[in-house]
Amino acid sequence: MDTTTARRITFREEVENLLHAEEGASLVRCIQCATCSAACPVVEFMDHTPRLLIGLINAGMKDEVMASNTFWTCASCYACTEKCPEGIRPADVMYALTRYSLWKDTFNRDWVAPEFSRRFTKTILRTGKSYEPGYAPAFIFEGGIPGVVREMQMAMKLLAKGRLPLIPSRIKRIRNLRSMVARVMPLDGIE
Ligand code: SF4
Ligand code: SF4
């Protein structure tokens, strides 16, 4: 008689599967020491500290985690990852959660970062290169009129130095790039 029973994958395992990391300890090793939170330069803008976010993942509190702005606020400085005494890589967890959020379409439409990330990824998948003027219409008004003026001044300077392309260019063999990306992350919801 087959005594095996199918087990549902936990949220922590789901996140760890998305890490695609050959190094880095399992999140179950987290001792909640808060070294990551103390090292984080943008923790004051996060609704959950990195320590708390890891704790919520381990507790399987998926809805709370996915509604958090923490991984969208992460500046990818890797200070947390350098300092974690247990060898956990919180910065990579942040990346995994942003990918998961885009893939599952769970991100908050009022936030700038997820929508910017989605457009940026889309542009890279289409052309292999970033194209800053393509993002401007969607985000230039986020900083109000002073922000528009600042952005215009910056654009003029970049144009003068030939650092702002007027026409988007495309790399050769874009299909190869797309296949490589598709091997490490689902493209559903992004393309
Ligand atoms: S530094 Fe590492 S062990 Fe400490 S709370 Fe952060 S993830 Fe957990
Ligand atoms: S990588 Fe992100 S979460 Fe980690 S310390 Fe830097 S900003 Fe904070």
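Couple of notes before you dig in:
- Of all residues in the stretch 13-37, those being free of Cβ contacts under 8 Å to residues at least 40 places away in the same chain and aliphatic (A, V, I, L, M) number 2.
- When residues in the stretch 66-100 are screened for being in contact with a helix residue (DSSP H, G or I) (Cβ under 7 Å, 6 or more places away or on another chain), modelled with pLDDT of 90 or more and in a helix (DSSP H, G or I), 17 of them pass.
- Condition met for ASP105 (on the phi > 0 side of the Ramachandran plot and under 16 Å from the mean Cα position of the chain (by Cα)): yes
- Cβ-Cβ contacts under 9 Å between residues 6 or more apart (or on different chains), taken from a first residue in the stretch 44-57 that is assigned to a helix (DSSP H, G or I) to a second residue that is among the small types (Gly, Ala, Ser) and surrounded by 19 or more Cβ atoms within 10 Å (Cβ to Cβ), are listed as PRO50/SER37; PRO50/ALA91; ARG51/SER37; LEU52/SER37; LEU52/SER68; LEU53/SER68; LEU56/SER68.
The values are calculated or read from the model by the stated rules, or taken from the named source; none is laboratory data. Because the structure is a prediction, the values reported are computed rather than measured. Every residue, glycine among them, receives a Cβ derived from its backbone with ideal geometry; neighbour counts consider all protein chains shown.
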